[in-house]
């Protein structure tokens, strides 16, 4: 299928931006080295540059900002999330809202890239976070993410590996966002179970 004019324009604009940035960096760091490369040596350099650029762009596409300020209750944040279904156990009694200010950065990590193509456990998510050097979220991050970035859970289920909260039966749970037939759901993920929501299920980190 032929690309639309708008798609081509967007691609050309992106390439122009990259070239401009690269040329500026080359001039700053010594253009003699790069401009002196022969064609056979330049090819591998370009290939590696493009591969790393794509990898960085993929990571950047999964980084989000959330506003954490305000003076709301847990119930108010859940209601603002406008879910088709929300677990009633997620309330001020069990998940008391802790006041914070400012913004937070949330990164979604594709577990399939780390050896978990179809399912993963809570322990698996913690191991990946440690490997990447990322901090664990808190449950407020999960509730705010669901409110402020509502469409992401329609793409993949998202489990927030915060410090678990025990339910009335003593079982540890964490905030879990997912979707079923387009309906957005706010649920609890039982830490002792594995997650099997299909390829690309994600764990969130900060």
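Bear in mind these aren't lab numbers, they're just calculated from the coordinates by the rules spelled out. It should be emphasised that the depicted structure is a prediction, and the values quoted were computed from it without experimental measurement. Note: ideal-geometry Cβ built from the backbone for every residue, glycine included; neighbour counts use all protein chains shown.
For the range 74-164, taking Cα atoms only, Rg and Dmax work out to 13.9, 38 Å respectively. When 162, 156 are arranged by Cβ crowding within 10 Å, least crowded first, meaning fewest neighbours, the order is 162, 156. A Förster distance of 22 Å, applied to the separation of the beta-carbon atoms of residue 148 and residue 87, puts the FRET efficiency at 0.70. Enter the Cα centre distance for the pair the range 162-189 and the range 104-125, rounded to the nearest angstrom. The range 162-189 and the range 104-125 have Cα centres separated by 16 Å. Measuring r between the beta carbons of residue 167 and residue 71 and using R0 = 25 Å, the FRET efficiency lands at 0.35. A simple spin-label model places pseudo-atoms 7 Å from Cα toward Cβ; at residue 126 and residue 114 they are separated by 1.3 nm. Placing dummy labels 7 Å off each Cα toward the beta-carbon, the span from residue 80 to residue 180 is 2.7 nm. Cβ-to-Cβ counts within 10 Å put 99, 136 in ascending order as 99, 136, the fewest first.
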